Amino acid sequence: EPEVTQTPSHQVTQMGQEVILRCVPISNHLYFYWYRQILGQKVEFLVSFYNNEISEKSEIFDDQFSVERPDGSNFTLKIRSTKLEDSAMYFCASSVGTRAQETQYFGPGTRLLVL
Amino acid sequence: AQKITQTQPGMFVQEKEAVTLDCTYDTSDPSYGLFWYKQPSSGEMIFLIYQGSYDQQNATEGRYSLNFQKARKSANLVISASQLGDSAMYFCAMSRIKAAGNKLTFGGGTRVLVKP
């Protein structure tokens, strides 16, 4: 069964460093998302991406964040200058379409720790 | 804006018994979707079940069923015949129709522990 994959599974970085989190969505999916979950808290939407551009972003997704689909398979989230509060689990998700019933399938997540 | 509320932070259930996880929502959108995801201790988010706002019947997927009461704005998850592997965090989530991309709004989750 096709699945969303994410790399790395864990990343430790120093405050101020740039990190790139990578995702390979399910191959026939057209809509891509990033969410984050700070330890012990709810899952929060960061950004959605369709047709090579951002379709929606949350207030969390400030100028320090960017997303890219550099080729036909990868979808990346870049944090330019990490802060301590960026420590969280980051989930990539993808869906086939935009109707409400189009389920988003999540990857296993990347646990980011900023020291 | 959409809002999801899960009032049960945690609960115990005896193996083989049924358990109901509460979820209430608030939205002004006429059309929306309601989802339940399971998050085991390993951290991944596993899709369980979906209910559309216009669906007349309650959704079922194996041992999972969704008790959808639109007038009350509730979408409770029922897990029948609980198994030890059901011990996890469960999140209720909502989406809305948008031209491109449906962001999910999540509740705070309910932690379920199944006792043998």
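Given contacts defined as C-alpha pairs under 8 Å and at least six residues apart, what's the relative contact order of the stretch A:1-62, whole-number percent? Display every interim value, and only then the final one.
Numbers: 70 pairs, mean separation 13.7, N = 62.
Computed value for the stretch A:1-62: 22 percent relative contact order.
How many nm separate the modelled label positions at A:Glu59 and B:Val78, each set 7 Å beyond the Cα in the direction of the Cβ?
3.9
How many nm is it between the label spots at B:Thr7 and B:Ala71, if each spot is 7 Å from the Cα in line with the beta carbon?
Placing both labels 7 Å along Cα→Cβ, they lie 1.9 nm apart.
So for chain A, averaging the separation of alpha carbon pairs under 8 Å that are six or more residues apart and normalising by length, what relative contact order in percent results? Display every interim value, and only then the final one.
Working: 277 pairs, mean separation 43.3, N = 115.
This gives 38 percent for chain A.
With r as the distance between the Cβ atoms of A:Glu68 and B:Gln56 and R0 = 41 Å, compute the FRET efficiency 1/(1 + (r/R0)^6) and round to 0.05.
0.45
Considering Cα pairs under 8 angstrom that are at least six residues apart, work out the relative contact order of chain B and quote it in whole percent.
37 percent.
List the GluC sites (Glu not before Pro) within the stretch A:6-103 that fall in a DSSP loop (any state other than H, G, I, E or B) and whose Cβ has at most 16 other Cβ atoms within 10 Å.
Answer by residue number: A:Glu18, A:Glu59.
Where the centroid of each part is defined by its Cα atoms, how far is the stretch A:43-95 from the stretch B:6-23 in Å?
33
Which value, in debye to the nearest 20, gives the size of the charge dipole of the stretch A:14-111 about its Cα centre, when Lys and Arg are +1 and Asp and Glu are -1 at the Cβ?
260
Each value in this text was obtained by applying a stated rule to the coordinates, not by laboratory testing. Remember, predicted model here, so these are calculated numbers, not experimental data. As a convention, Cβ positions derive from the backbone with ideal geometry for all residues, glycine included, and neighbour counts pool all protein chains shown.
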